[in-house]
Amino acid sequence: MKSFYPSLFVLLILFSLSCSRDKEKDKVRIGFSQAMTNDDWRRSMNDAMQLQASLDSNIDLIIRDANYDVEKQIKQIEGLIADSLDVLIVSPIQSKPITPVVQNALNAGIPVLVVDRKTEGQNYTAYLGADNIEVGRNAAKEIISSNTRDSIRLIEIRGLAGSSPAEERGMGFQQIINQFSKARIVATIEGNWEKESIQDQLIILLKKGIKVDYIFAHNDRMAIGAWEVAHDLGLEKEIDFIGVDGLPGPNGGIQAVKNGVLKATVLYPTGGDEAIKLALKILDKESISKNNILSTTIINEVNADIMNNQFEKINEQQAEIEDQLKAIKEQEVLYSSQNNLLKISIALLCIILSLTIYSIYSIFAIRKKNRQLELTNNKITIQRNQIVKIAEEVKMSNEAKLNFFTGLSHEFKTPITLILSSIESISEVAREKGSTMMNEVELIYNNSNRLLRLINQLLDFRKIEDRKFNLKASKTNLFAFSKNIFKDFEREAKKRNINYKLSSNNETLDVFIDRNLMDKVYFNLLSNAFKFTPDNGKIKIQIEDNVSGNVVRISFEDSGIGIPTNEIDEVFQAFFKGSNNRKNSSGIGLHLSKEFVEMHKGKIEVQSVHGTKFTVTLYKGQAHFDEAEIITEQDLVDTKIIDFTSEHLVDDNYLIEAPNKGKEKYSILIIEDNRDLSIFLKNKLQLEYEIHLSDGTDVLEKAFEVIPDIILCDINLPDKNGFEICEILKKDLRTSHIPTIILTALDNKESYLQGLQSGADLYLTKPFSYSILVQSIKSLLYNREKLRYYYTSNIHRIEPTDAFGNMEQQFVNNLNSLIKKNLGDSDFSVENLAEDLHISRVQLYRKVKAMMGISISDYIANIRLAKAKSLIETTSLTIAEVAYETGFSTPNYFSTAFKNSYGTSPGTYRKSVS
Ligand code: FRU
């Protein structure tokens, strides 16, 4: 729509322009080849033509001036022919040379009007001009009639030879003169129409003393020139002069007659206006005469005034006409500009009209849209109100929940505090009782402490949200403060062989910190570092005092798993949990740390390239705190309640009772990344079981290497989760038979189902009762035992059964068919069997031992003996034949083995059954 109006406008302008161009096309093109324009007669001819042409706006008059140059005139006519004229008007300088080019114009289909002077022959469309023979005759008649002398002596001054007026005027003049004997032409002067061409010749003649009464010149200019010569010689009163043209105006022939310079002049009209009229007639195909003769007359002292007056009148009228034409022209210009203006106005009007229509349409469209928008708006308002209401309700319910959790957390604090203070007194007794008790006390202490910190975090989060924290900064030695907290993690570092260091470039530096809050920051950053740093890793706290500046930086750097680069900006957001973090995390610790540091006007930053580095920057001095935020506190003291660092407590492998050595024990693989819990379970269970531990990073290697009797597996583990591990082990032939117990804090239905789907045999949720765990292990082992009994007591009839899972059934089937196939081959070894089953000899041994309770070689031997027993019962083969048939290398070895197994020799057995 936008581009529509300008294009409409352009169209209208083009339309108006094209109209004016059409008019141009209709114009009549008249070309006029003028012989010369250096005299008044020619100028008057041109003026008359132009005036006549200007009366008709359709005429386009093109005038070319040959300036007395015949060649030039020919070229100009050729040019006009090429310019596709409608009519050509020619006034030839001379007749002969111009005749061919006039013929060319006719040949090109252009009508030719010859004026004033003629071409040779009659090859033109029409001729216009006065009858020059008549002009000559009139001049002679005037001389004769006005003269009373007895004899008249004449000089004839001729026009340019070769031009028709000169020839014809001379001819007409002589015709009359010759009729009168008293008149005699005494001399002839050849001129070229201009006075300069005759004056010298006339001087010579007159100076010779030739007596002259009358001089006839072919035009007024030469006649006046002759008078000038006579005047100079003082003869002007004795000679009369007569010319041709009879032009009005101060230099014209009429004025010369009036002045007495000329006796008379013969009117020779230019016919300029007539020529244009005739040209139009030719174009309009009107019938015209070939020769159009203009009238001529004698002007002498009798009629000079009248003629002059008439010419003046004519001139006045012409001037008037010219004025009117000028006025018309101006009107035309005005009209054309007004016309254009009108067109533009119409175009603009159209545009305005279209715009108005469009605007009206737009107004309606906008109104419609507005109504729709209003409706949508109303809907949105209603929805927003609903959302606000729901949000309000959610907020209230959240508030209620949070209040509930906060209340509950507060409730937890008291019992935990009681537990912690009780531990203090119990630790005294435990210390006397020995290491076993002390270790359990430490476990209770550490975990109660952890619980207390977690609950405090929850309460702090609520407090931060409600902006209820009041900072209480006190002057604190930063290194001593850091050292105190550093020590709390030293034992764990030692146990896990972590390179754990604290360093400072200024151990005497005091800063103003809220010890309680900063303690939480330190604890949080260190707990994270220990949580994500593997055993044998590195954790470093570095205090860097910018001695010349006003800040101190404390960095906590670990060699842990790090934080993915794209998540680094989110670490301090509440509830953030890194995508690579498979551990239990509340996600509020770092958020709180940031809030606490910022309450100190400090900042906390994180970098993670290899491991993670948190840097806390604090201002030195106290100027950045309000007065109300500063308190005075005692210097730091070691606040630890119980010292667990006594040398006899450093070993995790403490024993509650001495393990029952000698007896072959079932093995258990515990997969748990909480070191405390795994050590606790190990120490409790190792009395009865052989315990293997994995923190989840090496679980598959351990499981395939040990092939344990039972697997205890946590869910949230650093590498693969418990479900994935369980699924892999249950699908692998080497471990598929192992009963698996999943131990987890996830107690929802979905997780339980997922556990069962992954193939787990049992799903126990934390906190679990130790005795239930022990009972569960025992009953799983008992079930396994029952199956073993089934296998070992039915060895000879083991057929496909559902007693085991599919994997096991498949395994036993394969095993049995391989043994039966090679029953007669005494060289068939356990290695051959393992190879055929695509597992190692040790794995085969462990798998069979786990499933059947006996070694693989005993299992093969039992099948051989069972087969031999049945052959003795059902066939008449000799004992030796039975021995070879069932793969025994010698009958003697067979007898010994048979007796060992069945308590009787094969021969005795044959007798008892036959
Ligand atoms: C003008 C003129 C006239 C004369 C005519 C003859 O150029 O010389 O004086 O009458 O031409 O063609």
note = From the cross-link list Lys495/Lys720; Lys277/Lys313; Lys501/Lys538; Lys475/Lys613; Lys475/Lys520; Lys281/Lys329, the entries with a Cα-Cα span beyond 19 Å are Lys495/Lys720; Lys277/Lys313; Lys475/Lys613; Lys281/Lys329
task = Show which aspartates and glutamates lie in cross-link reach of Lys258 when reach means a straight Cα distance below 12 angstrom and same-chain residues fewer than eight apart are skipped.
result = Glu301, Asp305
query = Between their Cα atoms, which of Lys472/Lys603; Lys118/Lys182; Lys730/Lys849; Lys730/Lys766; Lys682/Lys766 are more than 26 Å away from each other?
reply = Lys118/Lys182
task = Return the loop-located GluC sites (Glu not before Pro) in segment 535-574 (DSSP other than H, G, I, E, B) with at most 10 other Cβ atoms within 10 Å of their own Cβ; answer none if there are none.
result = none
key: Neighbour cut-off at most 15 other Cβ (10 Å), DSSP loop, trypsin sites (Lys or Arg not before Pro), segment 839-914   = none
note = With Cα coordinates, the longest principal axis of the chain makes an angle with the long axis of helix 856-874, in degrees rounded to 10, of 70
inquiry  = Could you list Val511, Val244 so that the one with the fewest beta carbons within 10 Å of its beta carbon is first and the one with the most is last?
reply    = Val511, Val244
remark   = Counting only residues 5 or more apart in sequence or on a different chain, those whose built amide H sits under 5 Å from that of Glu236 are His231
inquiry  = Binning at 10 angstrom from zero up to the longest distance, how are the C-alpha pair distances of the chain distributed in percent?
reply    = 2, 8, 11, 10, 7, 5, 4, 4, 3, 3, 4, 5, 7, 7, 7, 5, 4, 2, 1, 0, 0
request  = Only loop residues by DSSP count here, and only those with at most 10 other Cβ atoms within 10 Å; note down the GluC sites (Glu not before Pro) in segment 703-739 that meet that.
outcome  = none
note = Residues whose built amide H sits under 5 Å from the amide H of Ile152, excluding neighbours closer than 5 in sequence, are Ala183, Arg184
key: Cα centroid separation, segment 870-910 to segment 471-527 (Å)   = 79
request  = Output the antiparallel fraction of DSSP beta bridges having both residues in the chain, as a percent to the nearest 5.
outcome  = 30
inquiry  = Can you compute the helix-only [θ] at 222 nm over the chain? Use -39500 (n - 2.57) per DSSP H run of at least 4 residues, normalise by all residues, nearest 500 deg cm²/dmol.
reply    = -18000 deg cm²/dmol
query = Suppose R0 equals 41 Å; then what is the FRET efficiency for Leu355 and Glu332 from their Cβ-Cβ distance, rounded to the nearest 0.05?
reply = 0.75
remark   = The helix 304-433 Cα axis meets the longest alpha-carbon principal axis of the chain at an angle in degrees, between 0 and 90 and rounded to 10, of 10
ask   = In segment 435-585, what % of DSSP beta bridges are antiparallel (nearest 5)?
value = 65
note = Between the Cα axis of helix 478-488 and the main Cα principal axis of the chain, the angle (0 to 90°, nearest 10) is 50
ask   = Karplus couplings for segment 252-267 from phi (6.51 cos²θ - 1.76 cosθ + 1.60, θ = phi - 60°), rounded to Hz, Gly and Pro as x?
value = x, x, 4, 4, 5, 5, 4, 6, x, 5, 9, 6, 7, 9, 9, 5
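None of the figures in this text is laboratory data; all of them are computed from the coordinates on show. None of these values were measured; they are calculated from a predicted model. Every residue, glycine as well, gets a Cβ built from its backbone with ideal geometry; the counts of neighbours run over all protein chains shown.
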